[in-house]
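Down below is the structure, laid out as structure tokens.
Read-outs throughout are calculated quantities, based only on the coordinates presented, and are distinct from any laboratory measurement. Predicted, not measured: the structure shown is a model, and the values here were computed from it. In this analysis, Cβ positions are derived from the backbone assuming ideal geometry, glycine residues included, and neighbour counts consider all displayed protein chains.
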Amino acid sequence: MIKRLSTNKIIRMSSLLFILLLLYIFPSNKTYEVKTKQVSNNTNYHDIFLLDKNGYVSKTTIAVSSIEKEKLALDLLTSLTINSKNKNKIPEGFSSLIPKKTSIQKVRIDNETITVSFSPEIKVSKNKTKMVESIVYTLTSIDNIKKVYLMIDNKEDDYFSNNYDRSIGINHQYDINSIHDLSTVTLYYVSKNSSNEYYIPVTKMLNTKEDKIKVIIDELASKSSYESNLMSYLNYETKLTNYEIEDNDIKLYFTDSILSSKSDNKILEEVKYSISYSIKDSIEVSNIHFFVNDEEI
């Protein structure tokens, strides 16, 4: 009896060891999926400005191979080039604007200025204005890059004006009836492509005596800003009661009409991003704080 029990115990232990050996040799799918997820979390993404299906130069993101500035700039410019080796990075519904077969001959960064030289093929662009907007806004999305100097064959060319920056504007619209009291602001609207949201910057020139911060909020909250492919999530009752600028910070004070729900005391992410992007493109600030009834949200 004792011998039979010992034999059974040995058999059970042997079976268990065999199962453990199989698990070691052939790891489960669950473990593999966890490793894959960890790898994907290490992927770097960066802003890029591409043409959407409605003809707007729009802010979206792509995966990038390096975050070192000059390599990042080269990667982004390659992605902006039609039918380049990065063509599979372009999100569905967007397209590049630099003509195919254009080569990037040089990328150099000096402090806040980036210099880029293209091959002459860039001159066959079918929409030079939107192409330049795409290049300038993409390159100035790199940290601390504020000016863009464009060349052809490593020398100045009349095809480009030099020393571009975001003051050139993007997706221009004009709502003026006079040459007096002109103000220009860049507003970021929300649009959708399939199930994904992205942002469309629109530089508007209008007649107003109000300062730019108030103009931005009023325009984004205005019912007139709604179009089929340009959306603002700000409640039309949104009111800016005050704002304060100190160093590189701005504090915005709103009534509770800006809240998505007064019960949860939250502001929609789309609202925060639309306001923040718009303000940062219009005045020199780094940090934006939102207050409702004097409480930071």
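Taking every pair of alpha-carbon atoms in the stretch 44-168, give the share separated by more than 19 Å as a whole percent. Don't skip to the end; give the middle numbers.
Numbers: 3133 of 7750 pairs.
When all Cα pairs of the stretch 44-168 are counted, 40 percent exceed 19 Å.
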Original post:
How large, in Å, is the stretch 173-296 by the Kirkwood hydrodynamic radius built from its alpha-carbon pairs?
Top reply: 15.0 Å
Original post:
How big is the antiparallel share of DSSP beta bridges in the stretch 44-168, given as a percent to the nearest 5?
Top reply: 70 percent
Subject >> Whole-Å distance, taken between Cα centres, linking the stretch 77-93 and the stretch 262-297 >> reply: 32 Å
**OP:** In whole Å, largest first, what are the principal axis extents of the Cα atoms in the stretch 134-201?
**Re:** 41, 39, 23
**OP:** Restricting to the stretch 173-296, compute how many DSSP beta bridges are antiparallel as a %, nearest 5.
**Re:** 70 percent
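Tell me, in nm to one decimal, what length is gained between Ser65 and Lys123 on full extension, where the rule is 0.36 nm per residue of separation less the Cα-Cα distance?
Contour length minus Cα-Cα distance gives 18.1 nm.
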Original post:
How would you rank 154-163, 250-259, highest first, on the average number of other Cβ atoms within 10 Å across their residues?
Top reply: 250-259, 154-163
Original post:
Ordered by residue, what ³J(HN,Hα) values in Hz, to whole numbers, does the stretch 240-246 give under the Karplus form 6.51 cos²θ - 1.76 cosθ + 1.60, where θ = phi - 60° and Gly and Pro are x?
Top reply: 8, 8, 5, 8, 9, 10, 9
Original post:
Under a point-charge model restricted to the Cβ atoms of Lys and Arg (+1) and Asp and Glu (-1), what is the dipole moment magnitude of the stretch 173-296 relative to its Cα centre, in debye to the nearest 20?
Top reply: 420 debye
